[in-house]
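Written below as structure tokens is the structure these notes are about.
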Amino acid sequence: DAKTTQPPSMDCAEGRAANLPCNHSTISGNEYVYWYRQIHSQGPQYIIHGLKNNETNEMASLIITEDRKSSTLILPHATLRDTAVYYCIVRGFNAGNNRKLIWGLGTSLAVNP
Amino acid sequence: DVKVTQSSRYLVKRTGEKVFLECVQDMDHENMFWYRQDPGLGLRLIYFSYDVKMKEKGDIPEGYSVSREKKERFSLILESASTNQTSMYLCASSFPQLNTEAFFGQGTRLTVV
């Protein structure tokens, strides 16, 4: 599975857009990009995922570059409740690994009033 | 709503005790996972199961075993608890397809004294 690189921490003002980058330069053609977040002392929560096209749901938007080597998670109007650790994960079919998610350390996002 | 329920939120056990952590999901998911999460190390996979009675070792299986007798239940067993097993334990479940997300329980914070 491809590895991901994320900045360890970011700040964002409440009400502004939060743009969280992720580098996955070794991603292969059948691997999906997933985003999860973990609010303190809770289990991770799924946000969004995509393969090639940009995706949007009620929580966020996911922008994947054309070469698929990086992506950006966008929280359009960040609130204090969006303060969490955000994980970018690549998941693909690799014998023995197709069922697993490989987790990095994520980005700790602080939304400030 | 999908639910992954872990039997305990907080647990304190003594060194040498046999410890059972239970996880139940209600979405008929084939895949179930046990992770532990430690500061600075992220989520590390202990074991996963892709069907009843089927299991595979993850990245850190030493000192742990698992049991999956029914599809909805996945148990993590610490045969003889040690202080280095003090951690947050997270259970997750998912369908096997690549294009599906994992759902997590709320976590069990285990302290071994």
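The values are calculated or read from the model by the stated rules, or taken from the named source; none is laboratory data. Keep in mind the model is a prediction, meaning the values are calculated, not measured. Cβ atoms come from the backbone with ideal geometry, glycine included; neighbour counts cover every protein chain shown.
Data for the structure
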item: Residues located in the range B:46-59, provided they are farther than 17 Å from B:Lys18 by Cβ and within 14 Å of chain A (Cβ to nearest Cβ); result: B:Phe48, B:Ser49, B:Tyr50, B:Asp51, B:Met54, B:Lys55, B:Glu56, B:Lys57, B:Gly58, B:Asp59
item: Any hit, the range A:7-22, residues being basic (Lys, Arg), over 10 Å from the mean Cα position of the chain (by Cα) and farther than 25 Å from B:Ser94 by Cβ; result: yes
item: Restricting the range B:60-98 to residues that are facing another protein chain (nearest Cβ under 10 Å) and farther than 24 Å from A:Ile39 by Cα, the residue that is surrounded by the most Cβ atoms within 10 Å (Cβ to Cβ); result: B:Leu98
item: Any chance B:Leu11 is at pLDDT below 95 and touching a Leu at 6+ places or on another chain (Cβ under 9 Å); result: no
item: Scan of the range A:60-113 for residues that are within 14 Å of chain B (Cβ to nearest Cβ), under 13 Å from A:Tyr34 (Cβ atoms) and at pLDDT 85 or above, ordered by number; result: A:Ala60, A:Leu62, A:Tyr86, A:Tyr87, A:Cys88, A:Ile89, A:Val90, A:Gly106
item: Count of residues meeting criterion [closer than 21 Å to A:Cys88 by Cα and β-branched (Val, Ile, Thr)] in the range B:42-65; result: 1
item: Meets criteria (of a type in the set (D, E, K, R) and surrounded by fewer than 17 Cβ atoms within 10 Å (Cβ to Cβ)) for A:Glu31; result: no
item: Checking A:Ser71 against (1) closer than 28 Å to B:Tyr47 by Cα; (2) small (Gly, Ala, Ser); (3) surrounded by 17 or more Cβ atoms within 10 Å (Cβ to Cβ), the condition it does not meet; result: (1)
item: Odd one out for B:Leu41 among (1) more than 15 Å from the chain's Cα centre (by Cα); (2) in contact (Cβ under 8 Å) with a residue 12 or more places away in the chain; result: (2)
